[in-house]
Amino acid sequence: MKRLRGALLLIALLSLAAGISAQTVTITYWQYFFETKVKLVDELIKNFEKANPGIKVEQVTFPYETFNQKAAASIPAGEGPDVITLFYGWLPMYVKAGYLQELPKSDFNKEYFDKNFYSFVAESVDFGGKYYSVPTAVRTLALIWNKKLFKDAGFDPEKPPKTLDELAAYARKLSKYDAQGNLVQAGMAMQPTGQGHSWIREVLFRQFGNVPYSADYKKVGYADAKAAEALKWYTDLIVKDKVGYPNFVTDDVTAFRSGKAAMNVDGSFRIAALKAVKDLEWGAAELPSHNGVKSNYASYWTHGIVDGVKGKRLEASIKFLKYITSPEVQELWLQRVGELPATPSLSEKYKEDPFISPFLKGLAYAKASLFIDEAGQRNVMVDAVDEVYLKKVDPLQALKNAAAKEQKLIDNFWK
C-alpha cells in the first residue's frame, strides 16, 4: 500500500512538473558581446523571470564583427532569436530584408515615440509610420583626457581644450617621441575605425561649414572644399603634426586606457569601462568647437522582434521588450554601461555629473546619421583618411572618391 501511495505521489509530482514545463515559454535574446552589457542583461533577465515566472529568457552573444553575418544566416532559416539588439545604423537593412516584424501599434506608435524618446530616435525608427524597434539608451561623443599627462606637460589638468585650434596645440605639446623620432605617447588618439569616422562625418564637416547629407540622407554632400578643409585638419594631425596615427598601441581605446594617449574622442558607452581602470585619472568634456560651431554625433542600439515570432513567444517577447526599454532599466543601463537614457526626462538628475554631463550636453545639438549600410559607409570614410594618410591623395579628391562610393551604396539600397 505504501509503495502504491509512493508511486501515485511520484506520478502526481511528475505530472505537475510537466504541466509547469508546458506552461513555460522560452525566448532567446541576441546581442553583440560587450562585457558590461552582457553582465547587466544577465541580471535583468533574472529580474524579469522573477516577475514573469512563466517566461524564460536565454541570452546569446556574438562578436560585433560577425553579428550581422550570423543574423543573415540564421533568421531566414528560422534559427534566429526572438528578440534581437542591433545598431540603429543597421535598421534599414534589417527592415528591408524582412528580418524584423512591425511592433504592435497598440503599444508602439508615433505618439509613444514622440512622447518618450529624443527626436532623432523617433525620426530614425519611423519607416513610413511603421515601427520595428525600441532603444534603451543613446550615446554621444565627448573629448576625454588624461589628467596626469596634462599635468606632466604643464597644462591645468582640469582645463581641456575648448576649440579645435586649442586641441591641435595641446596635442602637439602632449606628444612624446624616442631618440629615433618614433611616437611613444600620442597627444591625440587618431582612430578613424573607432569613433573617428563619426567625428569627421557629423562633427568636423559641419564645423567647417559643410552639410554632409541631404535632409533625408539620400544624397551625399561632402565632396566640396569646406569638407576637404575639415579632412585636411584631421589628417594633418597624423601626417604633419604626428600627434597620433591609426592603430597606435593597437587602437585608441587601448592607448588611452594604458596612458599612452593623452586625449581621445570616444562615446558615453566607455564611461563604466574607464572608471574601472585602476589609477587612471581622466575627465570628459564637450567636443571642441570651431568658429563658434558645436556639433556632435548621436547613436544607439535598439531592440526588435524577429519576423515569424508568434503566439506565446510573441507575447513573451513584447513583455521583455517593454521591460528592457523601461525607465527602470534605462537608469541601470546608465549606471552600469554609461549609455544615456533614451527618455530625456530621466537624464535631468545627471546634469551635474562630471563624467555624464558633457555627453548629455552633446545631445542638444547631435545628429544621428541615417545609415543604410553602416559598415560600408564607415569603411568609405576610413578609406578616405587612408588615401590622404598613406597614399598622399589630396583631401578634396579623397572625398570625391568617397562620395562617389557612398552615393552608389545609397542609390543601390533605395532603388
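The values are calculated or read from the model by the stated rules, or taken from the named source; none is laboratory data. From a predicted model like this one, the values you see are computed outputs, not experimental measurements. A quick note on method: Cβ atoms are made from the backbone with ideal geometry, for glycine too, and the neighbour counts reach across all protein chains shown.
Got a number for residues in the stretch 331-374 being over 30 Å from Ala72 (Cβ atoms), acidic (Asp, Glu) and outside any loop (DSSP other than H, G, I, E, B)? Total satisfying the criteria: 2. Meeting the requirement of 1 or more residues that are among the hydroxyl-bearing types (Ser, Thr, Tyr), under 27 Å from the mean Cα position of the chain (by Cα) and in the same structural domain as Val95 (by TED's automatic domain parsing), the strands (runs of 3 or more DSSP E) wholly within the stretch 119-189 are 133-139. Screening Lys349 against (1) more than 21 Å from the chain's Cα centre (by Cα); (2) surrounded by fewer than 19 Cβ atoms within 10 Å (Cβ to Cβ); (3) in the same structural domain as Ile238 (by TED's automatic domain parsing); (4) not β-branched (Val, Ile, Thr) leaves a single unmet condition, (3).
Among the residues of the stretch 311-346, which ones are within 20 Å of the chain's Cα centre (by Cα), hydroxyl-bearing (Ser, Thr, Tyr) and closer than 21 Å to Phe34 by Cβ? Of everything in the stretch 311-346, those that are within 20 Å of the chain's Cα centre (by Cα), hydroxyl-bearing (Ser, Thr, Tyr) and closer than 21 Å to Phe34 by Cβ turn out to be Thr325, Ser326. Every test in (1) surrounded by 15 or more Cβ atoms within 10 Å (Cβ to Cβ); (2) modelled with pLDDT of 90 or more is passed by Gly89 save one, and that test is (2). Answer yes or no as to whether Val337 is under 25 Å from Leu100 (Cβ atoms), buried (at least 22 other Cβ atoms within 10 Å of the Cβ), in contact with a Gly (Cβ under 7 Å, 6 or more places away or on another chain) and not assigned by TED's automatic domain parsing to the domain that holds Gln207. So Val337 does not fit the description; no. Of note, Ala364 does not satisfy the criterion of being surrounded by fewer than 18 Cβ atoms within 10 Å (Cβ to Cβ), within 21 Å of the chain's Cα centre (by Cα) and closer than 20 Å to Met190 by Cα.
Residue under question is Pro104, and the condition is that it be part of a loop (DSSP other than H, G, I, E, B), over 22 Å from the mean Cα position of the chain (by Cα) and without any contact (Cβ under 8 Å) to a residue 24 or more places away in the chain; does it hold?
Spelling it out, it is not the case that Pro104 is part of a loop (DSSP other than H, G, I, E, B), over 22 Å from the mean Cα position of the chain (by Cα) and without any contact (Cβ under 8 Å) to a residue 24 or more places away in the chain.
Could you check, for the stretch 393-402, whether at least one of its residues is in the same structural domain as Lys275 (by TED's automatic domain parsing) and touching a strand residue (DSSP E or B) at 6+ places or on another chain (Cβ under 9 Å)? Looking for residues that are in the same structural domain as Lys275 (by TED's automatic domain parsing) and touching a strand residue (DSSP E or B) at 6+ places or on another chain (Cβ under 9 Å), one finds at least one in the stretch 393-402, hence yes. Scanning the stretch 25-60 for residues that are charged (D, E, K, R) and part of a strand (DSSP E or B) yields Lys56, Glu58. Only one entry of Lys70, Lys115, Lys50, Lys46 meets the criterion of being of a type in the set (Lys, Arg) and surrounded by 13 or more Cβ atoms within 10 Å (Cβ to Cβ), and that entry is Lys70.
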